Amino acid sequence: MKQRFLPIGTILMLKGGTKEVMITSYCVFSQGAAKQKDGEKKMYEYGGCPYPEGILDSNMALAFNHNQIEKIVHMGYESKKQEELSKKLDEQYATVKEKFEKGELV
């Protein structure tokens, strides 16, 4: 995969998955039950939903990281603006994630 942050709308399969997933957002913060068992805050690179259904209720929203992607089925719309955003996200993700997980971001 040429870039870490793939375009919104990209359809993919996650490792061990049986259903296609569509990327809907970036930098998803854990809430409530999504927190790790030890209560730690967690930040994920992507938010997504089952494809083609979308989010029919809040339990269908997914959070995952790039290393969990097994296969890209269809690439979302790529543009100069999307490439610039992907580059910025890649440059700043680790810093924001660390601050969030330490509780330095609200």
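Restricting attention to region 97-105, does a residue exist that is touching a Leu at 6+ places or on another chain (Cβ under 7 Å) and either in a strand (DSSP E or B) or on the phi > 0 side of the Ramachandran plot (or both)?
There is no residue in region 97-105 that is touching a Leu at 6+ places or on another chain (Cβ under 7 Å) and either in a strand (DSSP E or B) or on the phi > 0 side of the Ramachandran plot (or both).
Give me the pairs, please: first residue somewhere in region 77-106 and within 20 Å of residue 23 (Cα to Cα), second residue anywhere and aliphatic (A, V, I, L, M) and at pLDDT 85 or above, beta-carbon distance under 6 Å, and either six or more positions apart or on two chains.
97/43
What pairs come out if I take residues in region 46-72 that are touching a residue at least 40 places away in the same chain (Cβ under 8 Å) and within 10 Å of residue 11 (Cα to Cα) and pair them with residues that are assigned to a loop (DSSP other than H, G, I, E, B) and of a type outside the set (S, T, N, Q) whose C-beta lies under 6 Å away, six or more apart or interchain?
51/20
So which residues in region 93-105 are aliphatic (A, V, I, L, M) and modelled with pLDDT of 85 or more?
94, 96
In region 21-92, which strands (runs of 3 or more DSSP E) lie fully inside it and hold 3 or more residues that are modelled with pLDDT of 90 or more and within 10 Å of the chain's Cα centre (by Cα)?
Correct list: 21-29, 43-50, 62-64.
The values are calculated or read from the model by the stated rules, or taken from the named source; none is laboratory data. Computed from a predicted model, the values in this text were never measured in an experiment. Every residue, glycine as well, gets a Cβ built from its backbone with ideal geometry; the counts of neighbours run over all protein chains shown.
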